[in-house]
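Engineer: This is the structure, below, for whatever I ask next.
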Amino acid sequence: MNDKVNEIQISYREKIGTLKSNPIKSSSQAAELLFKNWDKNTIGLNETFKILLLNNSNKVKGIYPLSTGSITGTLVDIRILFAIVLKTLSVGVLLAHNHPSNKLEPSEADKRLTDKIKQAAQLLDVAVLDHIIITPDGGYYSFADNGLL
């Protein structure tokens, strides 16, 4: 039997050098960074879920595109999310996804997923700082700013 069948390789492309980036201090700063690094050709076509991987100083180590779905949603595998967080030795994470519809309000599914990730993160001593929804027109919604985190 091939031993490589169960081998999983995870890699992420570091878009921002950790030492060059400034610490994330606000949701507006995070949203601006996310929008700047989002593919403008697809932001209005399909929903994508990304994570910002953070060090202990809240500096961005990288942005990982976790999943891409359809116009109305995308599936997020929490096991893969935390495999990436642990493999990159990140101590904090900022969740993000886009709404192609330009609707800023989170869905009930968005809220449930955020709660589930937050609970799992507590077990691993990983800080979930925010969940940001961005839209093609440049708008954003912060779970932390609206008391949902």
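Engineer: Name the pairs: first residue in region 47-67 and within 16 Å of ALA31 (Cβ to Cβ), second residue of a type in the set (Ser, Thr, Tyr) and outside any strand (DSSP E or B), Cβ to Cβ under 6 Å, at least 6 apart or on different chains?
Structural biologist: PHE49/THR74; LEU54/SER90; VAL60/SER21
Engineer: Are any residues in region 1-58 among the aromatic types (Phe, Trp, Tyr) and at pLDDT below 60, and if so, which ones? Show your work before the answer.
Structural biologist: Taking region 1-58 first, the residues among the aromatic types (Phe, Trp, Tyr) are 12, 35, 38, 49.
Within region 1-58, just TYR12 meets the criteria.
Engineer: In addition: Does region 119-147 hold any residues that are of a type outside the set (A, V, I, L, M, F, W, C) and within 14 Å of the chain's Cα centre (by Cα), and which are they?
Structural biologist: Within region 119-147, ASP130, HIS131, TYR140, TYR141, SER142 qualify.
The values are calculated or read from the model by the stated rules, or taken from the named source; none is laboratory data. Keep in mind it's a predicted model, so treat the numbers as computed, not measured. In this analysis, Cβ positions are derived from the backbone assuming ideal geometry, glycine residues included, and neighbour counts consider all displayed protein chains.
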